[in-house]
1. Condition first: out of contact with any helix residue (DSSP H, G or I) (no Cβ under 8 Å at 6 or more places or on another chain) and either part of a helix (DSSP H, G or I) or hydroxyl-bearing (Ser, Thr, Tyr) (or both). Now tell me which residues in segment 37-56 satisfy that.
2. Tell me, yes or no, whether segment 125-138 has at least one residue that is hydrophobic (A, V, I, L, M, F, W, C), assigned to a helix (DSSP H, G or I) and buried (at least 18 other Cβ atoms within 10 Å of the Cβ).
3. Please enumerate the residues belonging to segment 73-122 that are out of contact with any Ser or Thr (no Cβ under 9 Å at 6 or more places or on another chain) and not in a helix (DSSP H, G or I).
4. Take ASP148 and tell me if it is acidic (Asp, Glu), part of a helix (DSSP H, G or I), over 19 Å from LEU217 (Cβ atoms) and without any contact (Cβ under 8 Å) to a residue 60 or more places away in the chain.
5. What number of residues within segment 112-124 are among the aromatic types (Phe, Trp, Tyr) and surrounded by fewer than 20 Cβ atoms within 10 Å (Cβ to Cβ)?
6. When segment 151-191 is examined, which residues are found to be in contact (Cβ under 8 Å) with a residue 24 or more places away in the chain and among the hydroxyl-bearing types (Ser, Thr, Tyr)?
7. Considering only residues of segment 210-239 that are touching a helix residue (DSSP H, G or I) at 6+ places or on another chain (Cβ under 8 Å) and of a type in the set (Ser, Thr, Tyr), which is surrounded by the most Cβ atoms within 10 Å (Cβ to Cβ)?
8. Filter segment 73-111 down to residues that are among the small types (Gly, Ala, Ser) and either within 18 Å of PRO12 (Cα to Cα) or buried (at least 21 other Cβ atoms within 10 Å of the Cβ) (or both), then give me how many there are.
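Taken together, the values in this text are just the output of simple stated rules run on the coordinates, not laboratory data. For clarity, every value in this text was computed on a predicted model and none was experimentally measured. Here the Cβ positions follow ideal geometry from the backbone for every residue, glycine too, while neighbour counts run over all protein chains shown.
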Amino acid sequence: MKSNLKNFEASPQLYARIAGILYLVIIVMGFFAETFVRNKLFVPGDATATAYNITHSQFLWKIGITADLIMQICDLPVMIILYYLLKPVNRKLALLNLSFNLIQTAVLVANKLNLLAALFFLSGADYLKSFSPDQLHTLSYLSIKLHDYGFGIGLIFFGFVCLLEGYLIFKSGYLPKVIGVLMSLAGICYLTNSFFLILIPKLSSIVLLMPCLIAELSLSLWLVFKGVKLPVWKEIVWS
């Protein structure tokens, strides 16, 4: 264990690039599942039309769920690498950041059950015959709405992740301060949008999350192409 840690500290660039690549996978998978699956099949306010779309595109719906799960799987190594990258700045805050990230991932993974439930209600199985078609459509629609709120709850924890990462990146000296500022702004946007979703749903908007995409994309690309400033990293780690 100590040997692996020393290898990481001696040459963090490989791990930074792995984290960056996986972070890009997370962004792509999340964007695909939300934009090309759920936004395509879900019809706001119309349970029947939504049920029709899902019923006739069941495999696409399953691909969307799979993409979400791939996103969460990739999130685990990313959060561990970021913990080690940011630990030299403040170990306790890096650990707190990791804890928030683990909770976020657990919530989002469990939340996928709502998307599966939406599909199950439309499966036409014998045990569903006690429900009318309209009732099944409504239950399926409700499951998707529950997923939306579950996703928002998960992003509350991720909002704190972004705030902590933003602070640690800003203070690090071996990662750009501007990315730290962007990540902190992303955290504020995630928290604002999620609490709006719970408290004042009409104010919740995808527009509020646009800075989050810019921040996370900037961080992932920087990790892939630049990594950390080795002289500063070594000075902090080996001091």
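1. Listed by number, the residues that qualify are ASN39, ALA49, TYR52, THR55.
2. Yes, segment 125-138 contains a residue that is hydrophobic (A, V, I, L, M, F, W, C), assigned to a helix (DSSP H, G or I) and buried (at least 18 other Cβ atoms within 10 Å of the Cβ).
3. Matches in segment 73-122: LYS87, ASN90.
4. Considered against the rule, which asks whether it is acidic (Asp, Glu), part of a helix (DSSP H, G or I), over 19 Å from LEU217 (Cβ atoms) and without any contact (Cβ under 8 Å) to a residue 60 or more places away in the chain, ASP148 comes out as yes.
5. 1
6. Scanning segment 151-191 gives TYR167, SER172, TYR174, TYR190.
7. SER220
8. Keep residues of segment 73-111 that are among the small types (Gly, Ala, Ser), which gives 94, 99, 106, 110.
Pick out the ones that are also either within 18 Å of PRO12 (Cα to Cα) or buried (at least 21 other Cβ atoms within 10 Å of the Cβ) (or both) and you get 94.
Number of matching residues: 1.
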